[in-house]
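The values are calculated or read from the model by the stated rules, or taken from the named source; none is laboratory data. Computed from a predicted model, the values in this text were never measured in an experiment. Neighbour counts run over all protein chains shown; Cβ positions are idealised from the backbone, glycine included.
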Amino acid sequence: MVFAQETDIQETDKTEAKELEADSKAAIGAGIEWNMNSRKNFAMGAVLGFDVNIGESFALGFNSTFSSNFFDFYVIEPAAMFRWYFLSREHLGLFAQAEAGVFLIFENEGFSLMPLGGLRAGFRFPLGQNFYVEPFGRLGYPFAFGVGAAAGIRLPNKAAVLKEKKPADKSASLASEIEAILEEKKVADVSVVVTEQGVMITLSDINFPADSAVLPDSEKIRLQEVAFILRSLKDVKLLIVGHTALAGSASGRVTLSRQRAKSVADYLVMLVAVKAADIIVEGYGADRPVADNATPEGRAANRRVEIIILRE
């Protein structure tokens, strides 16, 4: 894993045009597979696939496997598929898939056709903004099992592309569009405002374990939605700032807030949302409260991480 760099805040100039794209709606890929069917033992094959997203966690599509032992049989397996991305967002990450189709085998004595059914599991990794790699394994009939890997491109949803931003301070417009996307995706406890430094996305009531900087799964879900936005901003530079409530020593609060900000930065780098070299990490402990630390609600508001898209 790549880790974000910690450095001092530096002044930046304004950027040129930036484009914010909505989530991809379809993907096309190809790969290779090593498999074994129930009749002719082991074979090597090529895989082609196409899928279209349905909602936030599902996809429908078509894939076809062409395999052979290069001696006496060839197999074509066209199949429709239904895919579920669980414990993941943006149609990336761990998935399970059901398939149904036909199994067409060509042998020296002719060919035969039979129904095909199976299950597939894998992990779709982002590779840059629009590409992916996808290792997988599958079980079913009449094939016994197969393992392989595919790579492909995620096609952008052109109907939802936000218009290009010009350098003459479009921060307010960009902030409004980011806020609309986060509201549409029902991301809780997040706000978007324009500051002198840039567009600030604040994750309030950050639920780190006590005295820990280990990022919990609940916060990863929120950050995956933020990463979806950041991946579409070209050459973006971020300032990520951690804050704590008023508990513990002053030096301990500053250290913990910086560590938590860095955990957020590292996770965004892992999601290929931004380069590590383009992130600045800071922590201010409880020195910059936005609410009264005397109340539970105030302390929840003060436990926050700010992700600032810097003006360049």
May I ask you to list pairs of residues, at least six apart or on different chains, whose Cβ atoms are under 9 Å apart, with the first in segment 221-238 being on the phi > 0 side of the Ramachandran plot and the second being of a type in the set (Ser, Thr, Tyr)? Asp235/Thr15
If Val75 satisfies all but one of (1) surrounded by fewer than 17 Cβ atoms within 10 Å (Cβ to Cβ); (2) more than 30 Å from Met270 (Cβ to Cβ), what's the number of the condition it fails? (1)
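Matching residues to (1) under 24 Å from the mean Cα position of the chain (by Cα); (2) in a loop (DSSP other than H, G, I, E, B); (3) modelled with pLDDT under 65; (4) not assigned by TED's automatic domain parsing to the domain that holds Val147:
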site: Glu6; (1), (2), (3), (4): yes, yes, yes, yes
site: Asp13; (1), (2), (3), (4): no, yes, yes, yes
site: Ala46; (1), (2), (3), (4): no, no, no, no
site: Ala59; (1), (2), (3), (4): yes, no, no, no
site: Ser64; (1), (2), (3), (4): no, no, no, no
site: Ala79; (1), (2), (3), (4): no, no, no, no
site: Ser88; (1), (2), (3), (4): yes, yes, yes, no
